[in-house]
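Shown next, in structure tokens, is the structure this report addresses.
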Amino acid sequence: MKEQQDKPVIHFLHIGKTGGSAIKHAIKQGCPGSPYRVRFHPHGVNLRDIPEGEQVVFIVRDPVRRFVSGFYSRQRQGKPRYNIPWRPGERKAFETFDTPNHLASALSSWNLSKRKQARLAMKRIQHVKNSYWKWFENEAYFNSRIDDIFFVAFQEQLADDFEVLKDMLGCPSSASLPSDDVKAHRNPGNLDTSLNKKSVANLEKWYRRDYRFMDLSRRVRASLESRKTG
């Protein structure tokens, strides 16, 4: 136990529906001899909760794709890996909107009542309602903690980024992401994830601040890579 406590800590901030469950499973199962002690935090822990000077890892994902994944994850109440019942607002949302496209397109509905229902649903569904800034507060604070960022991964290239991360953590080459949907907490592959042009435009507008965070994250990742090769 003391040997573990003597290791430098890497904090893993778990942003919902970005691939965090898969990374967590892979590191816990495949990296027992890492020179670091990786602390996996629940969704409620943000950057402000991490002591300054300690290193942080997080994953981001295109906000529109994260919306689709979050919608379906909460529609099935996190099952089968979890079982997190709907809150009253979520129940109302899923009684009204049956697909991500149905909800997203209604954000610009000519029908004022439908538009209001859609906006309320966006603010009530877990994952869907949470901006990246929930974890990083604002741009000024995020920039003040840049030196504490150990690694930024992107869900769209998670397999490749895990290879980079496991090398940085000193994990063996045998460590790998889970292929099982339940362990990775992935949505089933048979769901209708299609979005029409209006829905995409509505979501890009709704999550415009999150796209700003994506840009900042790419810059941080580029800076980390240049530091590593410099």
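Find the relative contact order for the chain and round it to a whole percent, using C-alpha pairs within less than 8 Å whose residues are 6+ positions apart. Mind dumping the intermediate values first?
Numbers: 297 pairs, mean separation 72.1, N = 230.
Reported as a whole number, the value is 31 percent.
Can you pull the percent of the chain's accessible area that's carbon plus sulfur, 1.4 Å probe, other chains left in place?
On the way: 5960 of 12020 Å².
Reported share for carbon and sulfur atoms: 50 percent.
Using the structure shown, list the pairs from Lys24/Lys92; Lys28/Lys197; Lys123/Lys166; Lys24/Lys129; Lys92/Lys198 with a Cα-Cα distance above 30 Å, or answer none. Working shown, then result.
Working: Lys24/Lys92 32 Å; Lys28/Lys197 40 Å; Lys123/Lys166 36 Å; Lys24/Lys129 23 Å; Lys92/Lys198 23 Å.
Violating the 30 Å limit, Cα to Cα: Lys24/Lys92; Lys28/Lys197; Lys123/Lys166.
Can you give the accessible area per residue of the chain, in Å², using a 1.4 Å probe?
Heavy-atom SASA per residue in the chain reads 52 Å².
Suppose a student asked you for the relative contact order of region 70-173, using Cα pairs under 8 Å spaced at least 6 residues apart; what percent would you report?
On the way: 60 pairs, mean separation 22.3, N = 104.
Relative CO of region 70-173 lands at 21 percent.
Given the protein chains as shown and a 1.4 Å probe, how many square angstrom of Ser226 are accessible, to the nearest 10?
Roughly 70 Å² of Ser226 is accessible to a 1.4 Å probe.
From the square roots a ≥ b ≥ c of the eigenvalues of the alpha-carbon gyration tensor of region 117-230, which class results: rounded (a/c under 1.5), prolate (a/b over b/c), or oblate?
Values: a/c = 2.26, a/b = 1.27, b/c = 1.77.
The shape class here is oblate.
Out of Leu165, Leu195, Leu177, whose Cα points farthest toward the positive end of the dipole of region 155-222 (charges: +1 Lys, Arg; -1 Asp, Glu; placed on Cβ)?
The listed residue farthest towards the positive side: Leu195.
Can you return the aspartates and glutamates within cross-link range of Lys114? Criterion is Cα-Cα under 18 Å, with same-chain partners fewer than 8 residues away left out.
Of all the aspartates and glutamates, those that pass the test against Lys114 - Cα under 18 Å, at least 8 places apart if same chain - are Glu90, Glu95, Asp98.
Between Ala153 and residues 5 or more places away or on another chain, which pairs have amide H atoms under 5 Å apart, with H built 1.01 Å from N, and which residues are they?
Residues meeting the criterion, in which the H sits 1.01 Å from N, are Phe58, Ile59, Val60.
Let me check I've understood the local charge: for Asp148, count other residues with C-beta under 9 angstrom from its C-beta, Lys and Arg +1, Asp and Glu -1. What total comes out? Numbers along the way, then the final one.
On the way: positive: Arg145; negative: Glu52, Glu54, Asp147.
Local net charge: -2.
According to the Cα gyration tensor, what semi-axes, each the square root of 5 times an eigenvalue, does the equivalent ellipsoid of region 1-127 have, listed from largest to smallest in whole Å?
37, 15, 12
Taking H placed 1.01 Å from N in the peptide plane, check which residues at least 5 places from Val38 or on another chain put their amide H under 5 Å from its amide H.
Ile10
Rounded to the nearest 500, what is the 222 nm mean residue ellipticity of the chain from helices alone, with -39500 (n - 2.57) per DSSP H run of 4+ residues and division by all residues? Present the calculation step by step, with values, prior to reporting the outcome.
Working: 12 runs with 114 residues, N = 230.
After summing the helix terms and dividing by residue count, I get -14500 deg cm²/dmol.
Take each of the peptides 114-120, 59-65, average the number of other beta-carbon atoms within 10 Å over its residues, and list them starting from the highest. Provide the component values of the computation, followed by the final result.
Values: 114-120: 16.1, 59-65: 20.9.
Descending mean neighbour count gives 59-65, 114-120.
The values are calculated or read from the model by the stated rules, or taken from the named source; none is laboratory data. Quick caveat, the model's predicted, so the values are computed rather than measured. Methodologically, a virtual Cβ is constructed for each residue, glycine included, from the backbone with ideal geometry; neighbour enumeration extends over all protein chains shown. These accessible areas exclude ligands, DNA and RNA; they are computed on the full protein's heavy atoms, side chains included. Shrake-Rupley method; radii C 1.70, N 1.55, O 1.52, S 1.80 Å.
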